[in-house]
Amino acid sequence: MALEVLMKIRRLAIVGFKSFMDKVEISFPEGISAIVGPNGCGKSNIVDAIRWCMGEQSTKQLRARHMEDVIFSGAGNHKPLGMAEVTLVLEGGGEGLPEDLAQMTEISITRRLYRSGESEYLLNGLPCRLRDIQELFMDTGLGNRAYSVIGQGRIGAILEQKPEETRVMLEEAAGITKYRKKVEASQKKISLTQSNLQRLEDIMSEVQRQIRSLKRQASKARRYKRLTEEIRNLELTLYSNLLKELSAKAGERERKARELVEQEALLSAKVSNWQSKLDTLRLELE
């Protein structure tokens, strides 16, 4: 069951917004307040200021071409201003408000827009986000699509609006917008989670493919290493046997060389002996 959040406007402060060059403060006492005046005096601009302060982002709803058009553009001898500011003071203490705001007697919302395009949002004087303002007004009837703030000509537009737009308006009036937003946020999270899971599955599939490829490469590397070791061992055995064979041949040749040297020495001795005998015989013959 949705909690009913009643938020009453107490005061409105406007400066630099549309036709309000100087600061203007408007109080809304208990009961019914009516703002009256001739055409063109700025009555509709007050409604626009309230909607703008509550986070309205549609320039069409604010009757402007560009958002910067809401800043006072000058009139007569008055130069254009560089900033528009609207502060909305609400009665606090309503049920369904955040705990820190529920204890306050007043809640102030401020929106500023600079001609440079920069904007600021303040909640009770502290900087905040547009989302914080939108969530504060959600299900109160005072949101940026507020059904409680109806400008001139809006009734006809409401009657002619699309069924989807009517549904959104009725949901806010019934106080279920906040829960629909939570459901949408949850659905987005679920969709994002599913997308992330699919991405993780794709990554895991790719990693597994790479692991299989690496395993094949590792198997080939191990086989290559094993074959390389076998070739190395065979080469070592071959070179070892060849060295032994060459060493044996070298030893055999060295032995034969020694024998030949000995034979040469023996023959040289015999030749010397025969030469000596030959010389002796020659002497005897003479």
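The values are calculated or read from the model by the stated rules, or taken from the named source; none is laboratory data. Just so it is clear, the structure is predicted and the values come from calculations on it, not from any experiment. Note that we place each Cβ from the backbone using ideal geometry, even for glycine, and neighbour counts take in every protein chain shown.
Looking at Leu283, is it modelled with pLDDT of 90 or more and in a helix (DSSP H, G or I)?
Numbers: modelled with pLDDT of 90 or more: no; in a helix (DSSP H, G or I): yes.
Taking the combined requirement at face value, the residue does not satisfy it.
Which one of Arg223, Arg180 is at pLDDT 90 or above and either surrounded by 10 or more Cβ atoms within 10 Å (Cβ to Cβ) or basic (Lys, Arg) (or both)? So that I can check it myself, show each step before the final result.
Details: Arg180 fails: at pLDDT 90 or above.
Result: Arg223 is the single residue among Arg223, Arg180 that is at pLDDT 90 or above and either surrounded by 10 or more Cβ atoms within 10 Å (Cβ to Cβ) or basic (Lys, Arg) (or both).
Pairs are defined by a Cβ separation below 7 Å, a sequence spacing of at least 6 or placement on different chains, a first member in the stretch 179-199 that is closer than 17 Å to Arg131 by Cα, and a second member that is in a helix (DSSP H, G or I); the pairs so defined are Arg180/Glu171.
Of all the criteria given as (1) in contact (Cβ under 8 Å) with a residue 60 or more places away in the chain; (2) over 44 Å from the mean Cα position of the chain (by Cα), the one not satisfied by Ile14 is (2). Checking the stretch 37-52 against the condition returns a match, with at least one residue being closer than 15 Å to Met83 by Cβ and either among the aliphatic types (A, V, I, L, M) or in contact with a Gly (Cβ under 8 Å, 6 or more places away or on another chain) (or both). For the stretch 23-37, the tally of residues that are touching a strand residue (DSSP E or B) at 6+ places or on another chain (Cβ under 7 Å) and outside any strand (DSSP E or B) stands at 2. Scanning the stretch 231-254 turns up no residue that is out of contact with any strand residue (DSSP E or B) (no Cβ under 8 Å at 6 or more places or on another chain), surrounded by 10 or more Cβ atoms within 10 Å (Cβ to Cβ) and in contact (Cβ under 8 Å) with a residue 12 or more places away in the chain.
Does Arg63 fit the bill of being touching a residue at least 40 places away in the same chain (Cβ under 8 Å), of a type in the set (D, E, K, R) and not in a strand (DSSP E or B)? Here the answer is no, as Arg63 does not meet what is asked. Evaluation of Lys188 against the conditions (1) in contact with a helix residue (DSSP H, G or I) (Cβ under 9 Å, 6 or more places away or on another chain); (2) modelled with pLDDT of 75 or more shows that the sole unmet condition is (1). Annotation: of all residues in the stretch 143-167 being of a type in the set (A, V, I, L, M) and at pLDDT 60 or above, the one that is farthest from Gln61 (Cα to Cα) is Leu159.
For every residue, the table says whether it meets (1) of a type outside the set (Asp, Glu); (2) over 27 Å from Glu106 (Cβ atoms).
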site	(1), (2)
Ala13	yes, no
Gly16	yes, no
Phe28	yes, no
Ser33	yes, no
Pro38	yes, yes
Cys41	yes, yes
Ile46	yes, no
Ala64	yes, yes
Asp69	no, yes
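Name every residue in the stretch 6-22 that is not acidic (Asp, Glu) and not in a strand (DSSP E or B), in order of residue number.
Of the stretch 6-22, the ones not acidic (Asp, Glu) are 6-21.
Selection gives Leu6, Met7, Lys8, Gly16, Lys18, Ser19, Met21.
Residues of the stretch 60-78 being at pLDDT below 90 and closer than 22 Å to Glu120 by Cβ, which ones? Residues satisfying the conditions are Gln61, Leu62. For the stretch 245-253, the criterion of being closer than 30 Å to Phe137 by Cβ and not aromatic (Phe, Trp, Tyr) is met by no residue.
Taking the listed residues Gly55, Gly40, the one that is assigned to a loop (DSSP other than H, G, I, E, B) and closer than 19 Å to Glu118 by Cα is Gly55, with no other qualifying.
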